[in-house]
Amino acid sequence: MGFSFECQATCKHTHARAGIFHTPHGIVETPRFMPVGTLATVKGIIPQQLEAANAQMILANTYHLHLQPGEEIVREAGGLHSFMAWSQPILTDSGGFQVFSLSKMRQISETGVIFKSPRDGSMINITPEKSIQIQNSLGADVIMAFDECPPADATKEQVQAATDRSYRWLKRCVEAHENTDKQALFGIVQGGIHLDLRTQAVEQLAALDLLGYAIGGVSVGEDPQLINATVKHTAPLLPRDKPRYLMGVGTYREMAIAIASGIDLFDCVIPTRLGRHGSALVQGKRINIRNAQYKRDYQPLDESCSCYACQNFSRAYLNHMVRSQEILGYIMLSLHNVTELIRFTQQIRSSIFQGTFTTDFAHWLRDIEN
């Protein structure tokens, strides 16, 4: 099976759409939240649990896997799918986000980026070609172009320079990509909050006729209103016959608004990060299960949720485990949170088919801060 995107239903009132993204390792029904497994593991959750949560596609990170265990070990193991015992689609980030997140430990040039390893202080040189080489060895279904992600406080001139460089790097990524029949290369639209730069970037990337497109450089410090305005402008400009991926966004309101703008795929570390800190996402709300009010609450987190935690454990038991720092408590909260965000996007998908998206999710579509 190769790569294709099929739009199955659209919303009459918005740009929202429900579709199927076909990949060599199976389909991804969109819109869909994708759990993040930075080091080839979604923290605390085994593959069987991810399948039960209806996770159809997960992420791994090129930069971090390059550091540990190294792409050659993953390649010798048969690629990421074999290495982590996950048979469904995988997407790898290029390492471009680390250009932003590790800004105090890197130097950017036209050639690429030199990072100082947080592990041993050694210097790591990642070029567009090197990023693609690593991702070819990792073997994910979708691989991302190496780009420069500017911070939210960058000047327009700095964002322009980063956007132009990202385009030049993308063309080098296209040239370096050697596994085109099994791995789809997605380009990343940069441009910060500057809508004219976003428009320019979309036009340049669309001309390359890639297999998919992502919007990057959001959720890097801007207010939610600016994220929403950027996505609302950019998403409808992207090719209609290709999957559209909004990188690093996984909150209810921002996903709903992005789906209304035409986005298909999302990822975020929020569900497992919250779980590790004792918090749960329950039907749009965030609760701290450590709070005393849950000590004698014998109801599940969410009676309508099918995850193992909700089907077997009470809030009182989860409260006990988190207060006792028992690992199982954090695992169960992480599993529930992942299930919740996947379920949220599945519910939106169903509403698009039923023609009820704008009414069923009216609360989330109000463009106000969550």
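The values are calculated or read from the model by the stated rules, or taken from the named source; none is laboratory data. This one's a predicted model, so the numbers in the text were calculated from it and none came from an experiment. Note that each Cβ is placed from the backbone with ideal geometry, even for glycine, and that neighbours are counted across all protein chains shown.
Testing THR356 on (1) surrounded by fewer than 21 Cβ atoms within 10 Å (Cβ to Cβ); (2) more than 18 Å from LYS12 (Cβ to Cβ), one condition comes back false. Which one is that?
So THR356 meets the others, but not (2).
So which of ARG343, ARG323 is in contact with a helix residue (DSSP H, G or I) (Cβ under 9 Å, 6 or more places away or on another chain), among the basic types (Lys, Arg) and not assigned by TED's automatic domain parsing to the domain that holds GLY44? Break it down into steps so the answer makes sense when it comes.
Numbers: ARG343 fails: in contact with a helix residue (DSSP H, G or I) (Cβ under 9 Å, 6 or more places away or on another chain).
It is ARG323.
In the stretch 284-301, what residues are in contact (Cβ under 8 Å) with a residue 24 or more places away in the chain and surrounded by fewer than 20 Cβ atoms within 10 Å (Cβ to Cβ)?
Of everything in the stretch 284-301, those that are in contact (Cβ under 8 Å) with a residue 24 or more places away in the chain and surrounded by fewer than 20 Cβ atoms within 10 Å (Cβ to Cβ) turn out to be GLY284, ARG290, ASN291, LYS295.
Taking the stretch 252-279, which residues are under 14 Å from ILE342 (Cα atoms) and assigned to a strand (DSSP E or B)?
If the condition is that a residue be under 14 Å from ILE342 (Cα atoms) and assigned to a strand (DSSP E or B), then LEU265, PHE266, ASP267, CYS268 are the ones that fit.
Given the conditions (1) crowded, with 19+ Cβ neighbours inside 10 Å; (2) over 16 Å from ARG17 (Cα atoms); (3) touching a residue at least 24 places away in the same chain (Cβ under 8 Å); (4) hydroxyl-bearing (Ser, Thr, Tyr), and given that TYR317 satisfies all but one, which numbered condition is not satisfied?
If we test TYR317 against (1) crowded, with 19+ Cβ neighbours inside 10 Å; (2) over 16 Å from ARG17 (Cα atoms); (3) touching a residue at least 24 places away in the same chain (Cβ under 8 Å); (4) hydroxyl-bearing (Ser, Thr, Tyr), just (3) comes out false.
State all residues of the stretch 192-227 that are outside any loop (DSSP other than H, G, I, E, B) and within 16 Å of the chain's Cα centre (by Cα); if no residue qualifies, say none.
Residues satisfying the conditions are GLY212, TYR213, ALA214, ILE215, ILE227.
Output the residue which, of all residues in the stretch 104-146 that are part of a loop (DSSP other than H, G, I, E, B) and closer than 14 Å to ASN61 by Cβ, is modelled with the lowest pLDDT.
Among those that are part of a loop (DSSP other than H, G, I, E, B) and closer than 14 Å to ASN61 by Cβ, it is PRO118.
Among the residues of the stretch 318-341, which ones are out of contact with any strand residue (DSSP E or B) (no Cβ under 9 Å at 6 or more places or on another chain) and acidic (Asp, Glu)?
GLU326 - this is the single residue of the stretch 318-341 that is out of contact with any strand residue (DSSP E or B) (no Cβ under 9 Å at 6 or more places or on another chain) and acidic (Asp, Glu).
Considering only the stretch 1-52, state which residues are in a loop (DSSP other than H, G, I, E, B), surrounded by fewer than 23 Cβ atoms within 10 Å (Cβ to Cβ) and touching an Asp or Glu at 6+ places or on another chain (Cβ under 9 Å).
GLY2, PHE3, PRO24, HIS25, THR38
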